[in-house]
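Comments concern the structure below.
The values are calculated or read from the model by the stated rules, or taken from the named source; none is laboratory data. Just so we're clear, the structure is a prediction, and the values are computed from it rather than from any experiment. FYI the Cβ positions are ideal-geometry reconstructions off the backbone, even for glycines, and counts take in every protein chain you see. Note: areas computed on protein heavy atoms with side chains; ligands, DNA, RNA excluded. Shrake-Rupley method; radii C 1.70, N 1.55, O 1.52, S 1.80 Å.
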Amino acid sequence: MDDVAWGDPLLDPLFTTAPAAGLFAPRARLQGMLDFEAALARAEAAVGVIPAAAVAAIGKACNASLYDLNALGGEAALAGNTAIPMVKHLTRKVKEADEEAARYVHWGATSQDAMDTGLVLQLRAFVQVLDADLERLCGSLADLADRHRATPMVARTWLQHALPTTFGLKAAGWLDALTRDRERLAAAKGRLALQFGGAAGTLAALGDCGMAVAEALAKELDLPLPALPWHASRDRVVELATVLGLLAGTLGTLGRDLSLMMQVEVGEAFEPAAPGRGGSSTMPHKRNPVASAVLLSAAVRAPALVGGLLAGMVQEHERGLGGWHAEWQALPDLCQLVAGATHHAADAVGGLEIDAERMRRNLDLTQGLIMAEAVTMALGDRMGRMAAHSLVAEASRRAASERRPLRAVLEEDKRVTEALDSSALDRLFDPLGYVGAADAFIDRVLGRK
């Protein structure tokens, strides 16, 4: 979307995407409400509530480009929401073309119907855009998991060397979490429904035709028809917000891992290089993890936005005061933030540079200490686990203090050489020989049998 008017042209291109910004731009917000009004007129005409002749004039006026956003905003500051002045301006616009049709604008609806349904239409389109980037990201991770299932690397716990693992399993772990996020996103999208209840959620203004209009309107907009209006029950939109918060956390974990792996001292994986990407204003050699920074930023900012939306769920009686209003900026901000992080993640993982040789060298940094558990388990069969643990722990301390390979220290102990010959030690000090069920886990994540 080259024609998107960024809210903040300096920072929005970094933290969101043009499609997301476009979907939540002020004119798009207005168009969502106008789409509701046009569909309402069609639905009411279909069931005989308003004259069919009124539909064309109302529909033609439901074009956001016809309206002055500044004028609507100024009036909204007095009215308390954006739908009230929108309906006034829409009615005026329809009246210019067809005075009789103007009588039937917004017939039997309330401002929250227009605003909530307009929002649902925006959110539905947003989820489709977001999932396209998620699909791209997950596809790249699946490829990494499969290609690197036999690429050994250090597994780190508490940021310290723990045991060998494979990069394929690490990629599969990211993919597994994102797959659950996509499932949650699809479920939340499926519960986004039509909002149509009139002034107090009873559709009393439509008399006996209320349900017929609601059914026709849901069909017009291709939205689920809920059991009843949900003006004060905000779980539908807040569910989506919490899913986005979880996704931000998953992406933050990915960003944290990538940035740590990209450290010069580690050097195992790198975000893709490109002219102007990740540079420094003063240090020509720098290659900074730009995408990771965006992912981590989103993970920091998202919880506060989600928390505000959760707090706003407490609403009064049939239609709330304040809690609903708190959604209007927080939810679009959250959507745009997570869209940006997802897009950066998809780009970064799609072009990720893997240094498998460095991964293998890093396994040797502790001169075999990373294989201590493997030796302990093998010796445990002969002398019991606790005795084996004590023996290997003492050998590990000696190896570390003397800066010698663990294997060399172990081979000086007759208890070890009597239990394990040289070929057995060779197998025990092969990192790929001690990755357990890594391959099976990767297959499970990739859906193989």
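May I ask for the angle, rounded to the nearest 10°, between helix 26-46 and the longest principal axis of the chain, with both axes built from Cα atoms and the value confined to 0 to 90°?
50
How much FRET efficiency would the formula 1/(1 + (r/R0)^6) give for S422 and N63, where r is the Cβ-Cβ distance and R0 is 60 Å, rounded to 0.05?
0.15
Pairs K88/K189; K60/K219; K93/K189: which are spaced more than 28 Å apart, C-alpha to C-alpha?
K88/K189; K93/K189, as the Cα separations exceed 28 Å there.
Could you pull out every residue, at least 5 positions away or on a different chain, whose amide H is within less than 5 Å of the one on M153? Hs are placed 1.01 Å off N in the peptide plane, and Pro or chain starts have none.
T165, T166, F167
Taking θ as phi - 60°, what are the ³J(HN,Hα) couplings along the stretch 384-401 by the Karplus curve (6.51, -1.76, 1.60), each to the nearest whole Hz, with x for Gly and Pro?
x, 5, 5, 5, 5, 4, 5, 5, 5, 5, 5, 5, 5, 5, 5, 4, 5, 5
Roughly how many whole Å is it from the C-alpha centroid of the stretch 80-119 to that of the stretch 160-239?
Between the Cα centre of the stretch 80-119 and that of the stretch 160-239, the gap is 26 Å.
Which whole-Hz couplings ³J(HN,Hα) result when phi for each residue of the stretch 341-351 is put into the Karplus expression 6.51 cos²θ - 1.76 cosθ + 1.60, θ = phi - 60°, listed in order with x for Gly and Pro?
5, 5, 5, 4, 4, 4, 5, 5, 5, x, x
Given the C-alpha centroids of the stretch 20-58 and the stretch 141-158, what is the distance between them in whole angstrom?
51
Below 8 Å between Cα atoms, with a sequence gap of 6+, how large is the relative contact order for the chain in percent?
Working: 642 pairs, mean separation 79.2, N = 449.
Answer for the chain is 18 percent.
Whole-Hz Karplus ³J(HN,Hα) for the stretch 235-245, in order, using 6.51 cos²θ - 1.76 cosθ + 1.60 and θ = phi - 60°, x for Gly and Pro?
Couplings: 4, 4, 6, 6, 4, 4, 4, 5, 4, 5, x Hz.
Select from E268, E75, E402 the residue whose mean-square fluctuation is largest in a Gaussian network model of the chain (Cα-Cα springs shorter than 10 Å).
Looking only at E268, E75, E402, the biggest GNM fluctuation is shown by E402.
Ignoring ligands, DNA and RNA, what percent of the accessible area of the stretch 95-252 is carbon or sulfur (1.4 Å)? Numbers along the way, then the final one.
Working: 3470 of 6530 Å².
The value for the stretch 95-252 is 53 percent carbon and sulfur by accessible area.
Under 8 Å for C-alpha pairs, at least 6 residues apart: give me the relative contact order for the stretch 176-265, rounded to a whole percent.
39
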